[in-house]
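Peer 1: Quick one: the structure is below, questions incoming.
Please treat every number below as a calculation from the coordinates, not as lab data. If you're wondering where the values come from, they're calculated on a predicted model, not measured in any experiment. A quick note on method: Cβ atoms are made from the backbone with ideal geometry, for glycine too, and the neighbour counts reach across all protein chains shown.
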Amino acid sequence: MSIELGHFALILAFAIAVVSTIGGYVYWRSGERLASFLRHGAVLQFVLVAVAFTALVQAFVSSDFSLKLAVENSHSLKPLLFKISGVWGNHEGSMLLWILILVAFGAMVAAFGRKLPTDLLALVLATQSLLVAGFCGFTIFTSNPFLRMFPPPLEGNDLNPVLQDIGLAIHPPLLYTGYVGFSICFSFAVAALISGRIDQAWARWVRPWTMLSWTFLTLGVTMGSYWAYYELGWGGWWFWDPVENASFMPWLAGTALLHSALVMEKRNALKVWTIFLSIITFSLSLLGTFLVRSGILTSVHTFASDPARGMVILGLMALIVGGAFALFVMRASSLRSGGLFAPVSREGALILNNLFLATATGAVLVGTLYPLALDALTGTTISVGAPFFNLTFGALMAPLLLVLPFGPLLAWKRADVVGAAQRLLGAAALAVFLTILISSLGGVSISLAPLGLLLGFWVSFGAVADLIDRSRIGRIPLRESWRRLVGLPRSAWSTALAHFGIGVTVLGIVSTSAWETELVTTLNPGESTELSGYVIAFDRFGQMAGPNYVADEGHFTITAPNGSVRQPVAERRTYVASGMPTTEAAIETFGFSQLYLQLGERLDTNHVIRVWHKPYITLIWLGAILMSIAGVLSLTDRRLRIGVPTRRVHRVIPDAAE
């Protein structure tokens, strides 16, 4: 009965979204009464979709194999966590999760947007309802997760073994929250174009939603990278897979949007560009949805292989994105340019930042879509791989990293670049010293590694130099400097922490690329080998039975150069229901470095053993986590959370003589 209840709730949410869309667009000037109706409609959409999603989860948890989706993607022997995560480990369930997050953001705007002008709020909620109606309609008519199977089988077919991991429980919800969160920026952009209300207050309303979405997307991309690293068994943390790129492009565009919205909020400039970025960022999120679900790609990341569904998504994208850009073209010429500023200023630095980020996004977009377009148009199959992306993206990021520390030290409107450079001398000297020291000690085999190290240290130390300059350490008494440092706005700490995180990530990328070592050998139990000073002893081989798989296990002892000993276990699993094998690598962390060990094929009594030593690889994800923390810290800044200043009521005190 709960399945039918969930199905009905989703249909009802679709109907309410359609009514809200029509009412919002037709009567958006009707004032508070319509705004109240749309707010209640947004909350009701969330409640109904939550009911539908809960019904789907309940069916998976209880192994209700009368539900076709549960039959195709679940098994009664699966652990509870994987039964729940299996709900979105498929096309239909993941679409329902997408819709749940979409209506959740709409409900949050309804709850926290009471201070918005009623006309703008009505248009934002109408646009959000339009998106809900589109995706609900797509799900109900082409990807219904509530289809029954009769007669129901006794057991399900199980989920793809690669997806039976805690990564599936964490990565898609984080990624979708980032993807879908940018729909609010899109809705605000459409509402601003229709109403003509595009000013500093608009940027102030949009920036927290952008920051929230960017933070979740950062976490989602980071988790996806680490999941692929430890689960797929090949030791790579980024492959420039088209679906990986589809999540990376909205992140790049969202980063540009954050900085552009800041210029618009502070200086009332870059209005056209900020509106454009608001549209393009969510458009890139929709592009990722199309690539994953259209069937044009074959990847562990993809869900569906039905071209008909892909055409429906493509039509939906054309309607949403095409309509938004048509509106942009009609209204963009009427927007005023806003405040003026000198090229050498904080505004100028942020524009330069946007220029590099936008160009990098375009380069990744071309490299991702060109092979697909060429194959569709001519039948010619080509591959655009890591060398293209590494060279193109690296060439664009290097100058951006070079100028990045200057931005926070420059004044608004007009700045002194020489003065900013003088305040960064200490950071530059320390970066050069450490680069020379590490390069001479490490023996660099990649010629660009010292440049990468220099840029990583430069960005990290530049972020620290910004805090030192703001607190005037060394120029005033230490107690007063500490008081100033602690009293800095959280947005200042957020900026410094985000830039520091970028530097840390760059250091991790360069270090593991320059000094990674690899060994492929065969060992019998009782034998050992050595890699980069680590001694790996193969202790014994065994077998074990898991809840829904059987596994070959390799037990090892790793002795690090400093004498510390670890005893990891690497596995090769075979899942009972599907018969599919997976590799579970043994990964041991030593400081910021990792030893990655994979148990390979069995050859008579020998076993193929693959070992990688990855120096400072954890810095890649640590830097991304620091960036995400910076986003959370920025959201707690009171100045960012206040969307509209409260109008003060001035009381007139009667004269005592009256």
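Peer 1: Let me know the longest stretch in the chain that avoids all trypsin sites (Lys or Arg not before Pro) found in a DSSP loop with at most 11 other C-beta atoms within 10 Å. Display every interim value, and only then the final one.
Peer 2: Numbers: sites that count: R29, R336, R475, R647, R648, R651.
Longest site-free region, per DSSP loop and neighbour criteria: 30-335.
Peer 1: In terms of modelled amide H atoms, which long-range or inter-chain residues lie less than 5 Å from the amide H of R148?
Peer 2: Distant-sequence amide H within range of R148: K68.
Peer 1: Let me ask you something else. Can you tell me the dipole magnitude for the chain around its Cα centre, using point charges on the Cβ only (Lys, Arg +1; Asp, Glu -1), in Debye to the nearest 20?
Peer 2: Numbers: 43 positive and 36 negative charges, 660 e Å.
Here the chain has a charge dipole of around 3180 debye.
Peer 1: I need the shape label for region 160-298. Rule: rounded when a/c is under 1.5, else prolate if a/b > b/c, else oblate, with a, b, c from the alpha carbon gyration tensor. Could the numbers behind the result be given before it?
Peer 2: Working: a/c = 2.71, a/b = 2.28, b/c = 1.19.
Here region 160-298 falls in the prolate category.
Peer 1: Do you know the relative contact order of region 1-159, to the nearest whole percent, from alpha carbon pairs under 8 angstrom that are 6+ apart?
Peer 2: Values: 245 pairs, mean separation 62.7, N = 159.
Worked out over region 1-159, it gives 39 percent.
Peer 1: Considering only lysines 8 or more places apart in sequence, or on different chains, count the pairs in the chain whose C-alpha atoms sit under 28 Å apart. Display every interim value, and only then the final one.
Peer 2: Values: K68/K78; K68/K83; K115/K266; K115/K271; K266/K413; K271/K413.
Lysine pairs meeting the criterion: 6.
Peer 1: Here's another thing I want to ask about it. Once a ≥ b ≥ c are taken as the square roots of the eigenvalues of the Cα gyration tensor of region 1-159, is the result rounded (a/c under 1.5), prolate (a/b larger than b/c) or oblate (a/b not larger than b/c)? Before the final figure, lay out each step's value.
Peer 2: On the way: a/c = 3.28, a/b = 2.58, b/c = 1.27.
Cα axes put region 1-159 in the prolate bin.
Peer 1: Apply the Karplus parameterisation 6.51 cos²θ - 1.76 cosθ + 1.60, with θ equal to phi minus 60°, to every residue of region 574-580 and state each ³J(HN,Hα) to the nearest whole Hz, in sequence, with x for glycine and proline.
Peer 2: Karplus-based 3J(HN,Hα) across region 574-580 equals 10, 7, 4, 5, 9, x, 7 Hz.
Peer 1: Hey, what do the phi angles of region 402-413 turn into as Karplus ³J(HN,Hα) couplings, whole Hz, using 6.51/-1.76/1.60 and θ = phi - 60°, x for Gly and Pro?
Peer 2: Values per residue, Gly and Pro as x: 5, 8, 4, x, 6, x, x, 8, 8, 7, 5, 6 Hz.
Peer 1: Something else about it: Could you let me know the centre-to-centre spacing of region 239-255 and region 33-92, using Cα atoms, in angstrom?
Peer 2: Each part reduced to its Cα centre gives a spacing of 27 Å.
Peer 1: Follow-up. If amide H atoms are built 1.01 Å from N in the plane of the peptide, which residues on other chains or at least 5 residues away come under 5 Å of the amide H of F590?
Peer 2: L595
Peer 1: Taking each pair of different alpha-carbon atoms in region 538-634 once, compute 1/r for the pair, average those values, and report the inverse of that mean as the Kirkwood hydrodynamic radius in Å to one decimal. Mind dumping the intermediate values first?
Peer 2: Values: mean 1/r = 0.0644 Å⁻¹.
In region 538-634 this quantity evaluates to 15.5 Å.
Peer 1: Further question: In deg cm²/dmol, rounded to 500, what helix-only [θ] at 222 nm does the chain give when every DSSP H run of at least 4 residues adds -39500 (n - 2.57) and the total is split over its residues?
Peer 2: On the way: 20 runs with 407 residues, N = 658.
It lands at -21500 deg cm²/dmol.
Peer 1: Could you derive backbone 3J(HN,Hα) for region 530-543 from the dihedral phi with the Karplus parameters 6.51, -1.76 and 1.60 (θ = phi - 60°), listing whole Hz in sequence and x where the residue is Gly or Pro?
Peer 2: 9, 8, 6, x, 9, 9, 10, 9, 8, 6, 7, 10, x, 10
Peer 1: Quick one: which residues, 5+ away or cross-chain, put their amide H under 5 Å from the amide H of D539? H built at 1.01 Å from N.
Peer 2: G526, H555, F556, T557
Peer 1: Pick the calculated Rg/Rh (Cα atoms, Kirkwood Rh) for this structure from (i) 1.00; (ii) 0.97; (iii) 1.02?
Peer 2: Given (i) 1.00; (ii) 0.97; (iii) 1.02, the calculated one carries the label (i).
Peer 1: Let me have the relative contact order for the chain, percent, based on Cα pairs under 8 Å that are six or more residues apart.
Peer 2: Details: 1132 pairs, mean separation 76.3, N = 658.
Here the relative contact order equals 12 percent.
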